[in-house]
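**Q** Sending over a structure as structure tokens; questions will come in a sec.
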Amino acid sequence: MFNGIIKNVGKIVNIRKINKSLLIDVSTNIKFKNNEIGSSIACSGACLTLDRFNKKLISFYISKETLDKTIFKFCKKGDTINIEKSLKFGERISGHFVQGHIDTTSTVDKISFIGKSWVINFKLSKKYRKYVVNKGSITINGVSLTVAKMLKNGFQISIIPKTLKLTNLIYLKPKNLVNVEFDVLGKYIKNFIK
């Protein structure tokens, strides 16, 4: 479980294909301990298991299932990813409950600016729009955000300068793909109603 408050990023420095899966090495300033091997780490929102680490290099195995549902199928050396360690019991939760289970990807449609903030329109397939609520929580590349407005073909978010500075969202351009996780509470409610 995560809270989507991203304070660290990493850079993909190595990618190895193994059958239909990947092993990636990521350079980061986050410190890890031996007992954290096997723990869950959110990588641009996708919950991955820490396979190994060596000083500033961390490694993850990405299964075919994760590749099929996330932007990692298009990852390349030099890409910047958002990184968040899982929550510890008793920690403050500033964002919202994030599982690291990516529901789909979405395309950046348009980026505009209001002062130093970015306003981004995302296209979203019609079958997923039922999970997006105006002023509700949504996770983009692992970042906990609030839906600013519902759009005919998707949704809009506003990102403050601090979030841009700390995350890989600063690198977004129109037509880029992002990982999307819908609010887990909304998904459960939708399932119960069904």
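A short reminder: the numbers here are calculations on the coordinates, not readings from a lab. Given the structure is predicted, the values throughout are model-derived calculations rather than measurements. For neighbour counting, all protein chains shown are included, and Cβ atoms are generated from backbone atoms with ideal geometry for every residue, glycine included.
**Q** Given the Cα-Cα distance of Phe89 and Asn153 and 0.36 nm per residue of separation, how much length would full extension add, in nm? Please list the in-between numbers first.
**A** Details: separation 64, 0.36 × 64 = 23.04 nm, distance 3.86 nm.
Gain in length upon complete extension: 19.2 nm.
**Q** Arranged from highest to lowest average of other beta-carbon atoms within 10 Å per residue, in what order do the peptides 129-137, 76-84 appear?
**A** Result, highest mean Cβ count within 10 Å first: 76-84, 129-137.
**Q** Using +1 at the Cβ of each Lys and Arg and -1 at the Cβ of each Asp and Glu in the chain, identify which of Ser158, Leu87, Ser44 lies farthest towards the dipole's positive end.
**A** Ser158
**Q** To test your reading of the geometry: what angle, between 0 and 90 degrees and rounded to tens, separates the Cα axis of helix 184-193 from the longest principal axis of the chain?
**A** Once rounded, one gets 60 degrees.
**Q** Holding the Cα-Cα limit at 18 Å, pick out from Lys7/Lys162; Lys76/Lys173; Lys130/Lys152 the pairs that are longer than that.
**A** Flagged as over cut-off: nothing, all pairs pass.
**Q** Quick one: go through the range 156-184 and flag any residue whose amide nitrogen is under 12 Å from the point 7 Å out along the Cα-to-Cβ line of Lys135.
**A** Zone members listed by number: none at all.
**Q** What FRET efficiency do you get for Glu65 and Asn8 if R0 is 41 Å and r is their Cβ-Cβ distance, rounded to the nearest 0.05? Can you show the working numbers first?
**A** Working: r = 25 Å, r/R0 = 0.62.
Efficiency, from the Cβ-Cβ distance: 0.95.
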